[in-house]
Every structure is written in structure tokens, then in C-alpha cells.
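Student: Once you've had a glance at the structure underneath, I'll fire off some questions.
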Amino acid sequence: MSRLQAALIHLGISLLAFAGIVYLVMERWYPDFLFQTDGGWQGLRILLGVDLVLGPLLTFIVYRAGKPGLRFDLSVIGIVQVSCLAAGLWIVHSERPLAIVYVDGGFFSVNAKSFDEVGAPVPDLDSMPGNHPKWVSVNVPVDLTAQSDLRQRMLGNHRMLATVSDLYVPFDPQQVERSEARPLDEIVSRDRDARATQSWLDAYGGVLSDYVFYRYGGQYSIAYLGFNAANGEFVGYLDMPAKR
């Protein structure tokens, strides 16, 4: 077997492993628009380099038919590749979104780091309905005094309301405040070449006024989430930077 053949075999095995990784990242940990907005693509690029470049490249470098100690060398390469891949997977998994949180007329993604940074325990959201990441709302007190106290406390702790997990309730589209939707004029004016809105209408049909859009704060981008104006149901992600 030649050096190139050995590297190609290693590459083929790595491709099979990478296919499973792509499924985990895109379907389980960073589904739908979260792959783009919350680090799924960034994590996948790291894993791509480890799985499809590092291992096969090392095999290409060290392989020589009949070389003494070749089996040991290939075993070390395999161990190094698996170890690096496991470390990368742990990082990508630990930074995955835990929830999409609706509060104060906007949506925010939170991950374990969002809670660690403010000294709050990472919540267990398994009891919430739906698949991960969970869609939740912050049940802000209706009483103005209690609400003011909560906001002042969060402000003093430099903490977003989106991380107050003890006030999480399952998200209901009917909870969305229509008055908090971003003006359509804002959407149109920010989409200077009209590509984002046209792509949206091509995908979902109708006219822009059939939808309402809310600011979405992801880990890597600030954009909009669109909902059906008639029934309030979530429609999709508008791939366009939102106004800060």
C-alpha cells in the first residue's frame, strides 16, 4: 500500500465519523438557524480541521510500507486524533444553546456560559416541553413594584433578564407582544439590496406585512425572527443584521 492510499483510507474513515458529527451539530445541538447564529458553523470548522485534516495528514507523513514500528505510529496518530476530536466535541457541546428566551419584546439565546458569567447555576430545562434547545419566556412580575425591584437587582448584578431561569415558563406564541415587533420600515431600510426580504418571501410566500419581526440576540449575530401576523406562529429566521 502506498502512502497516498493509506492517507485516503484514513480520510474515508474520518469522513464517516464526520458525517455523524455533522448530524449531531446541525440537528441536535445547533438546529435550524442556530447553526448560523450561535456557533454551530464555527465549531464544525474546528472539528473539520481535526477530523479531516490532522489525522489523514499525519498518516500521509509517517506511513511507509514495511517501516519498523509503523503499527505503533498509526496507533499514536489514532489516539491523538480521537483525543483532539473528543476535546473539540466537548467544547462545541458545552457552548450549545440551552434555550431561546423571550423577554421584553425580544428573543435571546442562552448557553451554559451565559449563566456561568453571572454566577448563576446552569438550569436543568428537561421539564420544559419540546426538543432542545427549549423555547421559554421570562415570567416578569406584573406588579410594577416587584418588576422594578427585579430589574434593579439584575442591573446591579450586570445580568440579563434572559438568564433568570427561576422565572422561565414554556413559550407560547400568544405571549408575544405585537406592539414590540420591529417596524417594517426598519426591516426594509436595513435590507438595502432587498435580498434578505426577497429570500424570505420566496421561502414563505405572501407579502412582508403578513409577518411580524422581533429582534433576536444570538451568540454570534443579532438578527430577526419572523412570526405569522395572523396566528402568531413562528415562521423562521430573517438572515439580516438587526438594529442594535
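Student: In the range 194-234, how many are among the basic types (Lys, Arg) and not in a strand (DSSP E or B)?
Tutor: Step one: of the range 194-234, the residues among the basic types (Lys, Arg) are 195, 215.
Restricting the remaining residues to those that are not in a strand (DSSP E or B) gives 195.
Result for the range 194-234: 1.
Student: Counting only residues that are part of a strand (DSSP E or B) and touching a residue at least 40 places away in the same chain (Cβ under 8 Å), how many does the range 161-182 have?
Tutor: Going through the range 161-182 one residue at a time, the tally reaches 3.
Student: Which one of Arg45, Arg3, Arg28 is open to solvent by 40 Å² or more (accessible area, probe 1.4 Å) and touching a His at 6+ places or on another chain (Cβ under 8 Å)?
Tutor: The conditions single out Arg28.
Student: Can I ask one more? Yes or no: the range 93-100 includes at least one residue that is within 21 Å of Pro31 (Cα to Cα) and among the hydroxyl-bearing types (Ser, Thr, Tyr).
Tutor: Within the range 93-100, one or more residues are within 21 Å of Pro31 (Cα to Cα) and among the hydroxyl-bearing types (Ser, Thr, Tyr).
Student: For the subset of the range 133-160 comprising residues that are touching a residue at least 24 places away in the same chain (Cβ under 8 Å) and open to solvent by less than 20 Å² (accessible area, probe 1.4 Å), which member is nearest to Asn111 (Cα to Cα)? Talk me through it step by step, then tell me what you get.
Tutor: So the first thing to find is which residues in the range 133-160 are touching a residue at least 24 places away in the same chain (Cβ under 8 Å), and the list is 133-140, 157-160.
Applying the additional criterion that residues be open to solvent by less than 20 Å² (accessible area, probe 1.4 Å) yields 133-134, 136-138.
Working: Pro133: 9, Lys134: 11, Val136: 13, Ser137: 15, Val138: 16 Å.
The extreme case among them is Pro133.
Student: A further question on this structure: Looking at the range 3-23, I want the residues that are at negative phi and have a partner that is of a type in the set (Val, Ile, Thr) and surrounded by 14 or more Cβ atoms within 10 Å (Cβ to Cβ) with Cβ atoms under 7 Å, at least 6 apart or on another chain. Which pairs are those?
Tutor: Every condition considered, the pairs that remain are Ala6/Thr59; Ala7/Thr59; His10/Thr59.
Student: Let me ask something additional. Could you pull out every one of the helices (runs of 4 or more DSSP H) wholly within the range 20-97 that has 2 or more residues that are farther than 23 Å from His10 by Cβ?
Tutor: 34-37, 40-48, 70-94
Student: Given the conditions (1) modelled with pLDDT of 80 or more; (2) closer than 30 Å to Met240 by Cα, and given that Gly12 satisfies all but one, which numbered condition is not satisfied?
Tutor: (2)
Student: Is it the case that the range 187-202 has a residue that's closer than 19 Å to Leu98 by Cα, of a type in the set (Gly, Ala, Ser) and modelled with pLDDT of 90 or more?
Tutor: no
Student: Okay, moving on. Every residue in the range 185-207 that is under 25 Å from Asp172 (Cα atoms) and either open to solvent by 30 Å² or more (accessible area, probe 1.4 Å) or touching a Pro at 6+ places or on another chain (Cβ under 9 Å) (or both), please.
Tutor: Leu201, Ala203, Tyr204, Gly206, Val207
Student: Also, quick follow-up: Answer yes or no: is there a residue in the range 51-72 that is open to solvent by 40 Å² or more (accessible area, probe 1.4 Å), of a type outside the set (Lys, Arg) and within 20 Å of the chain's Cα centre (by Cα). Explain how you work it out, then say what you get.
Tutor: Our first condition is that a residue be open to solvent by 40 Å² or more (accessible area, probe 1.4 Å); within the range 51-72, this holds for 53-54, 57-58, 60-61, 64-69, 71-72.
Okay, now just the ones that are also of a type outside the set (Lys, Arg), so 53-54, 57-58, 60-61, 65-66, 68-69, 72.
After this cut, where a residue has to be within 20 Å of the chain's Cα centre (by Cα) as well, the list is none.
The answer is no; no qualifying residue exists.
The values are calculated or read from the model by the stated rules, or taken from the named source; none is laboratory data. Predicted model, so just to flag it, every value in this text is computed and none were measured. Glycine also receives a Cβ, built like all others from the backbone with ideal geometry; neighbour counts cover every protein chain displayed. To get the accessible areas, we keep the full protein, side chains included, count just its heavy atoms, and leave off ligands, DNA and RNA. Shrake-Rupley method; radii C 1.70, N 1.55, O 1.52, S 1.80 Å.
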